[in-house]
Amino acid sequence: MAVIEVNGVRKAYGGRPVVDGVSFAVEEGEIFGILGPNGAGKTTTVECVEGLRTPDAGTVRVAGLDPATDRHEVTQLLGAQLQESELQPKLTVREALELYSAFYPRPADWRALAARLGLDGHLGRPFATLSGGQKQRLFIALALIGNPRVVVLDELTTGLDPRARRDTWHLIEEARDGGVTVLLVTHFMEEAQRLCDRIAVIDKGRVVALDTPGGLIGSSAGSTAISFTPSAPLPPGDLAGLPGAVSVEVADPGGRVVIHGTDDTANAVITLLARHHVTARQLRVVDAGLDDVFLDLTEQAS
Ligand SMILES: Nc1ncnc2c1ncn2[C@@H]1O[C@H](COP(=O)(O)OP(=O)(O)OP(=O)(O)O)[C@@H](O)[C@H]1O
C-alpha cells in the first residue's frame, strides 16, 4: 500500500516552475530515495510532503491525509529532519530530546536513541557548541523520536564522518525493518545504492527515472565496462559492431581495449576473441555505478 502519494505536483517561485509535475508513490516500509542535481526541486518536493509548502497544483497524500490541510494529524505520524536554524542555540541535547519526546503520544526511548547515535556523551551540551556532525546526529534523533510511521530525511548524512555515516545507515535500515517508511533526499550515490529500495531521479523539476538502484544501473546505456589487452590486434570494425556497444576505445593498435555496453556486449566480446583466436589479458567486466547513471540522466542540467 502506498503511504506517500505525490501526484502531478507543481510549484513555481516568482513564475519560475521548480517542481513541474512530479508524481511518485512510496510503499509502506520502503526506503525511497530522491536524487538530483542542485536546484532540481528535491527539497521543494519533500517539503510539500511534510506540509511545509503547499503545491500550486497536484495532490500529496501521506497515509491518506493532505499535509497542507491535515497538518496536525500528519505531524503526528511523520518525522522530519530539522534545519539547523530551528533549534535554540542554548538548548542542550537532553532538553531537545525531552522536549521533542513530549510532542508525541508514543515517543521512542530518547536515551536509547541518543546512545545509538553517539550523543550520550553530549547530553548536557548546548546546541550551539555541537560540531556539525553532532548537530546532524541530533536532527536524526529528533526525526525518529516520535516513533514515526513515515520519516523524511533531507541530506541525512551530510557532514558525518564515514563511521557515523555507516552507523546512521544501520539505524535507518533498522527503522525500515521495523516498518517505518523513509523518504530520503541524498547526494551520496553510495548511500542511495546501499539504502534505497527505489529511487526517483529528479532533474529540472521532473522525474526523469524511477526504479530500483539495480534497475536504474541496468537500464543505463553503457552500464557494463569491458576492458582487456588482446594478444593480437582485433579488427576495429568488429569492435565497433559489437551489439549494445556505446563506446569503444583502443589505446593503440593491439593496446588495451575499453568498451562500454551491456551484458550482451560482454558475451559478444568473448565470441569475437574466440573467432579470431585472440586471448585477452587482464579481462575485466565491471558494472556501472549509480553515479554513472546519475551523470547520464542529468547530463543536460544547468
Ligand atoms: N522560497 C523560495 N523562493 C524562491 N526560490 C526558491 C525558494 N525555495 C527554493 N527556491 C528555488 O527553487 C529551486 C529548487 O530548489 P530546491 O531546494 O527544491 O532544490 P534541491 O533539488 O533540493 O537543491 P539542492 O540539491 O541544492 O538542495 C532552486 O532554484 C531554488 O533556488
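Dipole of segment 81-179, Cα-centred, from +1 at each Lys and Arg C-beta and -1 at each Asp and Glu C-beta, to the nearest 20 debye?
Working: 13 positive and 13 negative charges, 33 e Å.
About 160 debye.
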Positive-end residue of 41, 25, 4, charge dipole of segment 1-61 with Cβ unit charges: 41
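What is the calculated FRET efficiency for residue 240 to residue 211, with r their C-beta to C-beta distance and R₀ = 35 Å, to the nearest 0.05? Please report the intermediate quantities before stating the final value.
Values: r = 30 Å, r/R0 = 0.84.
So the FRET efficiency works out to roughly 0.75.
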Provide the descending list of Cα extents for segment 209-268 along its principal axes, expressed in whole angstroms. 42, 17, 16
On C-alpha positions alone, give me the angle between the axis of helix 132-144 and the longest principal axis of the chain, in degrees, nearest 10. 70
Sort 149, 284, 111, 16 by Cβ crowding within 10 Å, fewest neighbours at the top. 16, 284, 111, 149
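Explain nothing, just the number: relative contact order of the chain, from Cα pairs under 8 Å at least 6 residues apart, as a whole percent.
After rounding, I find 19 percent.
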For segment 1-68 and segment 141-196, what is the separation of their C-alpha centers, rounded to whole Å? 19
Give me the dipole magnitude in Debye, nearest 20, for the chain about the Cα centre, with unit charges on the beta carbon: positive for Lys and Arg, negative for Asp and Glu. 560
Along the three principal axes, how long is the chain when you take its alpha carbons, biggest first, rounded to the nearest angstrom? 74, 46, 35
In whole Å, largest first, the alpha carbons of segment 179-232 cover along the principal axes 56, 28, 17
Which aspartates and glutamates have a Cα less than 12 Å from the Cα of residue 204, not counting those fewer than 8 places away in the same chain? 20, 299
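Tell me the mean residue ellipticity at 222 nm calculated for the chain from its helices only (DSSP H runs of n ≥ 4, each -39500 (n - 2.57), averaged over every residue, nearest 500).
Rounded to the nearest 500, the figure is -9500 deg cm²/dmol.
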Could you pull out every one of the aspartates and glutamates with an alpha carbon less than 17 Å from that of residue 135, ignoring same-chain neighbours closer than 8 positions? 84, 86, 95, 98, 120, 154, 155, 161, 167
Pairwise label distance in nanometres, residue 190 with residue 103, each label 7 Å out on the Cα-Cβ vector: 3.2
Any idea what diffusion coefficient segment 105-166 gets from Stokes-Einstein, in µm²/s, Kirkwood Rh on alpha carbon pairs, 37 °C, 0.692 mPa s? 269
0 to 90° range, to nearest 10: angle between helix 162-177 axis and the chain longest Cα axis: 80
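Every number in this text was worked out from the coordinates using simple rules, so none of it is lab data. None of the values given here were measured: they were computed from a predicted structure. Glycine also receives a Cβ, built like all others from the backbone with ideal geometry; neighbour counts cover every protein chain displayed.
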